[in-house]
Amino acid sequence: MWSNIKLAVFLAIKTILRGDKGSLILTVLIMLVVFLNLLFVDAVFKGISTTMDEGKINYQYGEVTIEPRPGDKYIKNTNDVIDAIQDFYYVRSIATHLRTSATLKNDKYNDGRDVAQFGAGVVGIDPEIENDSIDLKSHIIEGKCLEKGDYGKALLGADIAGGYGSSPFPEDLEGVRTGDKITAIYGNDVVRDYEIVGIYKTKNFDTDSKMFVLQDDLNSVLGTTNESSEIIVRLTDKHLSQKALDDFAKINLSNYEISDWNEKLSFGATINKSFDMIGSILRIIGSFVAGLVIFIIIFVDIVNRRKQIGILKAIGIPESAIMQSYIIRGMFYTVLGIILGFLLMNFGVIGFFRGHPIDFPMGDMVPVIKREALRMSVILFVVAGLIGSLIPAIKEVRKKILTLMR
Amino acid sequence: MEKIAKIISCKDITKVFDTGETKTHALRGVSCDIAEGEFVAIMGPSGSGKSTLMHVLSFLDRATEGGYFFRGKDTKDFDEEKLAFIRNQEIGFVFQSFNLMQRVSVFENVELPLLYDFYTKTTQNKEDKKTNKDRVMNALKSVSMEHRLHHMPSQLSGGEKQRVAIARALINNPKIIFADEPTGNLDSKSGLQVMHVLEGLNKQGHTIILVTHESRTAEHAQRILRIVDGKIVDDKRVHNQRSVDTDNILK
Ligand SMILES: Nc1ncnc2c1ncn2[C@@H]1O[C@H](COP(=O)(O)OP(=O)(O)OP(=O)(O)O)[C@@H](O)[C@H]1O
Ligand SMILES: [Mg+2]
């Protein structure tokens with residue numbers, strides 16, 4: 001069946017090259033746009049979930065998180081754990097957090113008339129090592145970062161402070177600014193006042209709804225010394241997390257719960273599933289449109305060339321060669337659309353968004369092309385183009401010679 | 001005369017066009033034998049079935065009923081591939097309306113039937129391409145069109161188009177050439193040039209079947225079949241066969 005492919009190629013090239021250049025360009029342009037659109041929506045979805053994932057890793061969990069076993073309140077010998085893991089070549093930095101929660105109050109006019117409150121997580125940190133792990137320093141939107149010796153001071157998340165743009169929480173402290181004093185009432189009824197040294201916003205809302213204080217400050221509230229609630233381990237590459245889990249399992253850390261970002265991002269995983277679903281639907285619709293475009297182009301072309309097809313058949317060119325020539329044309333438009341669409345996406349659109357990321361509530365989004373999604377789009381597109389050109393080719397070319405030549 | 005091989009032999013051929021509402025009996029039992037090397041003209045009034053008969057004999061269409069033996073073989077069981085093979089290798093067509101491929105040069109038009117090799121079922125290789133070129137050039141020379149290789153059909157006169165069509169028809173050195181009113185769209189001088197080419201081909205041994213209205217044109221043939229209302233009513237030899245006065249047409 002494919003033995004006469006060269007003849008088909010010859011016929012296809014003649015018709016493409018000697019055909020109307022305008023409609024050729026228009027056809028390829030339509031295919032390009034349809035494919036680009038497909039890639040773009042997919043890449044935006046992937047970009048959103050990547051941004052969210054990165055936010056969780058960078059500002060919340062790190063690549064690996066070490067926590068107490070269920071039932072234990074704290075990691076007892078924090079320094080031993082650090083000693084045990086810090087020499088692995090892929091461990092970039094380690095931060096220890098002491099965590100608790102408190103009701104924060106902002107007495108707006110200092111007279112008890114209007115007190116805003118917010119139930120928040122409070123994290124005790126060591127500022128000297130924290131910034132290497134959770135980089136809040138580059139996300140300060142007002143004031144400065146917490147520093148060594150800042151007793152009685154706190155760094156506040158923008159979602160708690162209020163008045164710093166959109167937040168997923170219905171309430172906040174209604175406008176706390178640098179220099180303001182707020183009151184924290186801890187679960188054990190200890191009450192402390194803090195002066196706000198700065199406000200930060202990472203766009204990871206779990207982080208932005210916390211208050212950071214000195215670990216020593218929190219130790220005095222909770223009565224702890226060498227304990228911590230979580231140890232955030234940053235790696236040189238997030239793809240080394242499984243290796244880290246394996247290695248950590250070999251040294252004796254069995255008293256602790258160790259998980260990597262993959263396990264922590266279950267929320268991202270569900271949303272990814274929804275995105276994948278929407279992506280698939282859009283892909284199918286897009287491919288259908290592409291198939292339809294090819295069908296119309298090829299069909300109109302064949303109908304306009306009926307007589308020529310009749311002549312070819314009359315002089316003994318086999319039907320299969322003529323059909324193949326139309327399929328080759330359909331593929332030509334499709335593949336050209338795919339290639340140009342991909343290039344424009346990869347170097348044009350993504351390049352543009354790298355320079356100008358979209359400001360999403362969950363972070364700055366740059367579209368990302370997923371290899372799997374790209375492969376699926378290409379396959380579906382090619383199949384659609386194939387069907388779109390095959391149907392009119394079979395339908396028309398098979399007609400009787402005299403009918404075609406009339 | 002009986003000893004000469006019959007290239008075409010048909011018996012009681014009928015052709016009915018059934019459009020659903022009406023049935024047109026275009027051929028009502030045509031029987032005839034044509035020997036290899038003959039030059040036969042088919043004449044008759046408009047609508048009598050000349051073209052229909054030619055289409056059936058040249059495998060552009062199938063008869064509704066009747067037997068058709070081509071080079072001694074019953075054509076009843078020939079499949080599409082076989083018919084494409086015959087049309088490509090053993091038959092050449094010349095139509096009243098030229099039927100050249102648009103947007104394809106004169107050279108490529110003539111080359112087209114060569115591009116598919118039915119014997120090896122492959123497209124030809126480089127070596128073949130060379131001989132292709134010679135064959136196309138020879139075919140174009142034989143119709144005096146070798147000076148218009150790269151013209152497009154739209155840039156040619158009617159007579160020139162028809163001569164290119166003839167070159168295409170004879171590129172595979174077919175046994176038989178069918179020509180349906182080949183001079184119908186041409187002025188008398190171009191018409192004579194075309195008839196001159198056909199005469200030459202017949203002299204070289206090609207069987208020629210020519211459909212025409214005009215008795216002057218028909219008299220170039222050796223034999224005239226007269227068809228009326230889908231039936232052959234007369235089959236006679238031409239006693240003083242006309243031939244084109246070459247001095248007259250080559251300026
Ligand atoms: N596809 C068709 N469908 C229906 N009827 C047809 C078809 N083709 C031909 N006919 C009819 O068959 C008859 C013979 O037609 P044909 O074309 O063979 O005539 P012809 O002798 O070639 O005429 P002309 O000299 O005008 O070319 C005519 O009555 C014509 O109307
Ligand atoms: Mg006719």
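So the values come out like this:
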{"item": "Whichever residue in the stretch B:136-189 is within 16 Å of ligand 1 (Cβ to nearest atom) and closer than 30 Å to B:A5 by Cβ and, among such residues, is nearest to the chain's Cα centre (by Cα)", "result": "B:F178"}
{"item": "Members of the stretch B:18-66 that are surrounded by 15 or more Cβ atoms within 10 Å (Cβ to Cβ), within 11 Å of ligand 1 (Cβ to nearest atom) and part of a loop (DSSP other than H, G, I, E, B)", "result": "B:G44, B:S48, B:G49, B:D61"}
{"item": "Residues located in the stretch B:27-64, provided they are within 16 Å of ligand 2 (Cβ to nearest atom) and more than 19 Å from B:D235 (Cβ to Cβ)", "result": "B:S46, B:G47, B:H55, B:S58, B:L60, B:D61"}
{"item": "Residues being more than 14 Å from ligand 2 (Cβ to nearest atom), touching a residue at least 24 places away in the same chain (Cβ under 8 Å) and within 17 Å of B:R242 (Cα to Cα) - total across the stretch B:173-202", "result": "14"}
{"item": "A:G22 vs. criteria over 16 Å from A:G341 (Cβ atoms), free of Cβ contacts under 8 Å to residues at least 24 places away in the same chain and outside the structural domain of A:K203 (by TED's automatic domain parsing)", "result": "yes"}
{"item": "Residue, nearest to ligand 2 (Cβ to nearest atom), within the stretch A:390-406, restricted to residues that are more than 17 Å from A:Y326 (Cα to Cα) and not in a helix (DSSP H, G or I)", "result": "A:R406"}
{"item": "Some residue of the stretch B:192-208 being part of a strand (DSSP E or B), within 14 Å of ligand 1 (Cβ to nearest atom) and either crowded, with 22+ Cβ neighbours inside 10 Å or within 15 Å of the chain's Cα centre (by Cα) (or both)", "result": "no"}
{"item": "Leading residue by the ranking (farthest from the other protein chains (Cβ to nearest Cβ)) among those in the stretch B:57-98 that are acidic (D, E) and more than 28 Å from B:T217 (Cβ to Cβ)", "result": "B:D74"}
{"item": "Test: residue in the stretch A:357-373 that is crowded, with 19+ Cβ neighbours inside 10 Å and in a helix (DSSP H, G or I)", "result": "yes"}
{"item": "Selected residue [under 32 Å from the mean Cα position of the chain (by Cα) and assigned by TED's automatic domain parsing to the domain that holds A:I125] from A:D193, A:D260, A:D247, A:D216", "result": "A:D247"}
{"item": "Verdict on B:G205 being more than 16 Å from ligand 2 (Cβ to nearest atom) and of a type in the set (G, A, S)", "result": "yes"}
{"item": "Scan of the stretch A:319-328 for residues that are within 10 Å of another protein chain (Cβ to nearest Cβ) and surrounded by fewer than 24 Cβ atoms within 10 Å (Cβ to Cβ), ordered by number", "result": "A:E319, A:S320"}
{"item": "Qualifying positions in the stretch A:352-399 - over 28 Å from A:M52 (Cβ atoms) and among the basic types (K, R)", "result": "A:K395, A:R398, A:K399"}
{"item": "Where A:F347 falls short, out of the listed (1) farther than 30 Å from B:Q96 by Cα; (2) touching a Leu at 6+ places or on another chain (Cβ under 8 Å); (3) in a helix (DSSP H, G or I)", "result": "(2)"}
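Every residue, every condition in (1) at pLDDT 95 or above; (2) more than 30 Å from A:P168 (Cβ to Cβ); (3) within 40 Å of the chain's Cα centre (by Cα), yes or no:
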| position | (1), (2), (3) |
| --- | --- |
| A:K307 | no, yes, no |
| A:S320 | no, yes, no |
| A:M323 | no, yes, no |
| A:I358 | no, no, yes |
| A:V366 | no, no, yes |
| A:R371 | no, yes, yes |
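The values are calculated or read from the model by the stated rules, or taken from the named source; none is laboratory data. Fair warning: this is a prediction, and the values are worked out from it, not measured in the lab. Because the Cβ atoms are built from the backbone with ideal geometry, glycine has one as well, and the counts that use them run over all protein chains shown.
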